[in-house]
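The values are calculated or read from the model by the stated rules, or taken from the named source; none is laboratory data. Because the structure is a prediction, the values reported are computed rather than measured. Cβ placement follows ideal geometry from the backbone for every residue including glycine, while neighbour counts extend to all protein chains displayed.
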Amino acid sequence: MEYLTKEKFDELSVELERLKTEGRKEITESLKTAKELGDLSENAQYIEAREEQQRIERRIAELEQMLKEAEIISTRAKKRDHVEVGATVEVVRDGKTHKYYIVGSSEANPIEGFISNESPLGRVLIDKKVGDTVEFKTPEGKTQYKIKSIS
């Protein structure tokens with residue numbers, strides 16, 4: 001199962017539709033042009049177009065599977081008594097407050113505070129409550145976070 005926000009679900013749906021229509025059309029035209037150049041066994045343009053076709057078809061299959069199995073999560077602020085996918089969590093580490101959004105792996109962007117429920121920090125935060133302290137290993141050693149708020 002893949003956890004997705006409504007926005008990410010819509011974004012992936014648009015990508016899928018574009019690949020199925022424009023992407024396939026473009027690759028068909030590239031293959032047609034490459035075939036017109038002659039001998040296919042030594043035609044680099046044809047080989048490249050075939051590889052691109054395979055990449056597009058793999059991505060289409062991946063997106064179809066992901067969207068079929070997706071569970072839409074809400075990141076709207078609401079009262080929560082524990083950390084779950086879709087929650088916003090404020091934690092304190094070394095006296096500094098950090099805010100994280102718990103999302104599915106396909107939306108993770110740690111630099112912007114979006115962490116996956118499958119990441120080391122995400123895993124230890126899931127199901128914890130305000131006031132709980134979590135600890136996990138980082139390359140620098142063990143790190144502790146105290147949960148300040150959940151929404």
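Per-structure values
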item: Top-ranked residue in region 8-30 [being crowded, with 17+ Cβ neighbours inside 10 Å and more than 16 Å from residue 68 (Cβ to Cβ); ranked as modelled with the lowest pLDDT]; result: 30
item: Leading residue by the ranking (surrounded by the most Cβ atoms within 10 Å (Cβ to Cβ)) among those in region 118-133 that are at pLDDT below 95 and touching a Phe, Trp or Tyr at 6+ places or on another chain (Cβ under 7 Å); result: 121
item: Boolean, residue 79 is in a loop (DSSP other than H, G, I, E, B), closer than 18 Å to residue 145 by Cβ and not aromatic (Phe, Trp, Tyr); result: no
item: Contacts under 6 angstrom Cβ, first residue in region 35-64 being farther than 13 Å from residue 24 by Cα, partner among the hydroxyl-bearing types (Ser, Thr, Tyr) and part of a helix (DSSP H, G or I), 6 or more apart; result: 40/46
item: Search result, residues across region 74-117 that are among the acidic types (Asp, Glu) and surrounded by 13 or more Cβ atoms within 10 Å (Cβ to Cβ); result: 84, 90, 107
